[in-house]
1. Of all residues in segment A:58-67 being at pLDDT 90 or above and more than 9 Å from chain B (Cβ to nearest Cβ), which is surrounded by the most Cβ atoms within 10 Å (Cβ to Cβ)?
2. What residue, among those in segment A:81-93 that are facing chain B (nearest Cβ under 8 Å) and buried (at least 22 other Cβ atoms within 10 Å of the Cβ), is farthest from residue A:56 (Cα to Cα)?
3. Does any residue of segment B:145-166 turn out to be within 13 Å of chain A (Cβ to nearest Cβ), modelled with pLDDT of 95 or more and either crowded, with 17+ Cβ neighbours inside 10 Å or more than 26 Å from residue A:53 (Cα to Cα) (or both)?
4. Name the residues in segment B:97-114 that are in contact with a helix residue (DSSP H, G or I) (Cβ under 6 Å, 6 or more places away or on another chain) and more than 7 Å from chain A (Cβ to nearest Cβ), would you?
5. Any residue that is at the interface with another protein chain (Cβ under 10 Å from one of its Cβ atoms) and either in contact with a helix residue (DSSP H, G or I) (Cβ under 9 Å, 6 or more places away or on another chain) or under 26 Å from residue A:277 (Cβ atoms) (or both) - is there at least one of those in segment A:8-21?
6. So which residues in segment B:118-137 are more than 10 Å from chain A (Cβ to nearest Cβ), surrounded by 16 or more Cβ atoms within 10 Å (Cβ to Cβ) and not in a strand (DSSP E or B)?
7. Please go through segment A:243-262 and pick out each residue that is touching a helix residue (DSSP H, G or I) at 6+ places or on another chain (Cβ under 6 Å) and not in a strand (DSSP E or B).
């Protein structure tokens, strides 16, 4: 349904070589011929067929994207942006979803390599030196997001530690007596890559040290964190619950609602990610926002640079900002 | 990081042919050798490499998925399920997102064809006989979801018309005097495939006829539907707003909140899709649920059947059910 260069050549009554010279601004063509061709190309809605061009150059014009899930809107938003930017560059995206299964991640990477992808955007759950070595053996441009693997692979992320420190400082200004921190399980350490989880946790601990709050950190880093909340006598002290992601905060909000504990009157609540669905939630959740679209854009740009043998930054951290809702 | 048949052969001290006979239950192998191999394969965590096997058979082991967006959680959920089911069958998924751009959809289909995908799951925004002809020309197994194209392509969907009729009947039992129906623009008809939009609208009209409600249908099928609500004097009559999808209903909910119009006390509200985020929204939205995972599973199964030259149902409609929230 799209017009090819061959058809364009036929319509203009010139050779494919002439079309090629006109479209790619190469010498060896009369300026009036060139103008005529460009005008016709525009009229006929000709768009360059990047895929065909890439395939000719021995590329597959495909990227692999390896993410945790799509139920977390953060990933859905990110994948949508990656797909859009990849498309702009003529690339197609293989979507692979690990659901946190470290074996599956390895399978996927194996397969993406067999499929000869030109690059991989990876939010890894595997980690460590052996994994880094394995990734190197794939001999494919890779950019890591979310969790770092090693210096060998460019990383684009968020200032996790600083962002949570900022959140703690903000909560402290609101007169809370303690901050409970809800995080994914820390027990995964050693078997899984929990770089981002650890950074955020460190931010919580560092942040607390700088406040006047008397309590030692209360970290709920368990799968059954909701049940753990039951043991905390949330109403006895002026408590805020800081969650390492919005999806946790939303679960906590439902838990509090079910217990008739009012947010923010009885307990404060804060999340992280600023996912799109927050706009429908009451009370509006205070959270940390960062540019998800920029993360997607830069991930694709980083792969393209590697493919073109251009230098890339080993690490790039995006700015965040605190969103004040009405949950604190 | 995964063990190959070659490695397994080396470890067992047998030929690849012998391994093959053991793993695929073929004759020409002693039963004790076979047992030994299967035991070793299990111990070493050998899993069959479906991708490699498929590539040898001249398949690409890839499916293309063409959807509208991922911002609507319905699609995110569906794509996640499709990816999972495809993976189970050894297939990899190209994700392509049209954002409702009919030109881009054609580009994507063109490209997926160039990439030699083994099948395509398509929620089309193009329609009509010419488009059907074009799809046929791709000579690729296709399953359509959401919007039907023609008899030439299997369709898996929801009983859109009946579901909205059910919704109207349910609302009528709640004592409302009128039902306003919010739908995507109907003006797209002719340029876009709005099969599902039309089915749902027909369900609304048919449903209204069966109620005692005196009003003619009020359909807001406009992009600026939120502004249109302003003109309706919502509080004057006992009104329910029925939306053709949850994402519309959530926007309407925010609009009503901003106007201090209480749901359901001042105005009733109902959606369609039962997207995952509804569990965080108050009041709980009444909606129509249908098995999104089954839709994903059946779409993949339908492609696999076509690939294996097995017969497929031309049309398959999944069951829906009405979820009674607290918004009516």
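1. A:63
2. Step one: filter segment A:81-93 for residues facing chain B (nearest Cβ under 8 Å), giving A:83-84, A:87, A:92-93.
Remaining after also requiring buried (at least 22 other Cβ atoms within 10 Å of the Cβ): A:83, A:92-93.
Numbers: A:83: 22, A:92: 16, A:93: 19 Å.
The selected residue is A:83.
3. Within segment B:145-166, not a single residue is within 13 Å of chain A (Cβ to nearest Cβ), modelled with pLDDT of 95 or more and either crowded, with 17+ Cβ neighbours inside 10 Å or more than 26 Å from residue A:53 (Cα to Cα) (or both).
4. B:98
5. The answer is no; no qualifying residue exists.
6. In the first step, residues of segment B:118-137 are kept if they are more than 10 Å from chain A (Cβ to nearest Cβ); the result is B:118-125, B:127-129, B:132-133, B:135-136.
Those left that are additionally surrounded by 16 or more Cβ atoms within 10 Å (Cβ to Cβ): B:118-125, B:127, B:132, B:135.
The answer is B:118, B:123, B:124, B:125, B:127, B:132, B:135.
7. The first filter runs over segment A:243-262 and keeps only residues touching a helix residue (DSSP H, G or I) at 6+ places or on another chain (Cβ under 6 Å), leaving A:243-244, A:250, A:255.
Within segment A:243-262, A:244, A:250, A:255 meet the criteria.
Here is a yes/no grid of residues against (1) away from chain B (no Cβ under 14 Å); (2) over 26 Å from residue B:250 (Cβ atoms):
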{"position": "A:276", "(1), (2)": "no, no"}
{"position": "A:280", "(1), (2)": "no, no"}
{"position": "A:286", "(1), (2)": "yes, no"}
{"position": "A:292", "(1), (2)": "no, no"}
{"position": "A:309", "(1), (2)": "yes, yes"}
{"position": "A:319", "(1), (2)": "yes, yes"}
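The values are calculated or read from the model by the stated rules, or taken from the named source; none is laboratory data. The structure presented is a predicted model; accordingly, all values stated were derived computationally and were not measured. All Cβ positions, glycine included, derive from the backbone under ideal geometry; neighbour counts span all protein chains shown.
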